[in-house]
1. State which residue is farthest from the chain's Cα centre (by Cα) when the search covers only the stretch 137-169 and only residues that are in a loop (DSSP other than H, G, I, E, B) and more than 21 Å from residue 106 (Cβ to Cβ).
2. Taking the stretch 100-114, which residues are within 14 Å of the chain's Cα centre (by Cα) and either under 20 Å from residue 162 (Cα atoms) or not charged (D, E, K, R) (or both)?
3. Quick one: would you say residue 11 is touching a Gly at 6+ places or on another chain (Cβ under 7 Å), surrounded by 12 or more Cβ atoms within 10 Å (Cβ to Cβ) and modelled with pLDDT under 95?
4. What's the total number of residues in the stretch 139-159 that are surrounded by 12 or more Cβ atoms within 10 Å (Cβ to Cβ), without any contact (Cβ under 8 Å) to a residue 60 or more places away in the chain and either touching a His at 6+ places or on another chain (Cβ under 7 Å) or among the aliphatic types (A, V, I, L, M) (or both)?
5. Across the stretch 68-87, which residue is nearest to ligand 1 (Cβ to nearest atom) among those that are closer than 17 Å to residue 11 by Cβ and modelled with pLDDT of 75 or more?
6. From the list 120, 162, 131, 175, which one is surrounded by 20 or more Cβ atoms within 10 Å (Cβ to Cβ) and more than 18 Å from residue 71 (Cα to Cα)?
7. If I filter the stretch 145-165 for residues that are under 23 Å from residue 193 (Cβ atoms) and more than 16 Å from ligand 1 (Cβ to nearest atom), do I get at least one hit?
8. Determine, yes or no, whether residue 26 is within 12 Å of the chain's Cα centre (by Cα), within 11 Å of ligand 2 (Cβ to nearest atom) and at pLDDT 95 or above.
Amino acid sequence: MKVTKSEFVISAVGPDQYPVDGWPEIALAGRSNVGKSSLINKMINRKNLARTSSTPGKTQQLNYYGINDELYLVDFPGYGFAKVSKTQRQAWGKMIERYLLERETLKLLLLVVDLRHPPSKDDMIMYDWVSHYDLPICVVATKADKLPRSRWAKQIKQMKQSLGLRIDHPMVLFSSDTGLGKDELWGIIKANIRA
Ligand code: GTP
Ligand code: MG
């Protein structure tokens with residue numbers, strides 16, 4: 001996909017603020033600091049449109065990025081960040097749950113995990129929940145550049161096993177550093193938008 005236009009649209013704290021133009025939406029969930037915002041930047045060839053930081057917990061709303069005036073990438077707040085209060089965690093959880101179950105323009109959820117580590121408990125809960133509701137999901141195993149290529153296949157296999165990944169759910173090997181997996185992921189996104 002050739003990205004000719006990308007813009008930050010809104011940090012939405014609730015449904016009242018979600019865009020109303022009906023463009024298809026691709027949402028990104030994953031633990032804090034796993035690399036969601038970096039993945040967005042790589043996908044759209046922008047250095048820092050989606051704000052990244054080495055301080056986890058930075059993204060606290062649903063951040064909408066408009067692409068080519070035809071679709072949105074929606075960056076979720078990262079989960080599993082210990083320093084966030086329980087009340088706030090529950091509020092985020094509710095917001096995400098409602099979004100995933102009620103947002104009619106949602107076409108695909110990208111569950112972003114770290115290739116180097118087994119999925120966290122929260123990753124597994126998220127995957128099971130999304131599978132239970134049969135929402136369209138693609139697991140993206142990122143930070144591949146931080147592992148030698150010789151270990152990729154084994155890590156992917158273990159990740160699939162630990163999650164109990166369904167055969168109808170794709171998994172993409174990704175790196176926001178090198179751009180590995182970018183074209184494959186755009187292909188999956190486009191197929192889900194058309195579906
Ligand atoms: P929250 O917004 O806190 O939920 O985090 P996030 O998931 O958006 O993570 P973010 O994109 O901010 O990345 C966190 C850190 O990991 C940053 O220092 C990034 O530079 C680094 N990072 C993300 N993806 C990659 C990758 O593919 N390779 C390498 N080497 N570093 C990465
Ligand atoms: Mg982020």
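1. The selected residue is 148.
2. Within the stretch 100-114, 100, 106, 108, 109, 110, 111, 112, 113, 114 meet the criteria.
3. Answer is no for this residue.
4. Residues that pass the stated criteria total 6.
5. Only one residue fits best here, namely 78.
6. Within the list 120, 162, 131, 175, the selection yields 175.
7. Yes: one or more hits.
8. No.
The values are calculated or read from the model by the stated rules, or taken from the named source; none is laboratory data. Everything quoted here is computed from the prediction, not taken from an experiment. Quick reminder, even Gly has a Cβ in these numbers, built from the backbone with ideal geometry, and neighbours come from all protein chains shown.
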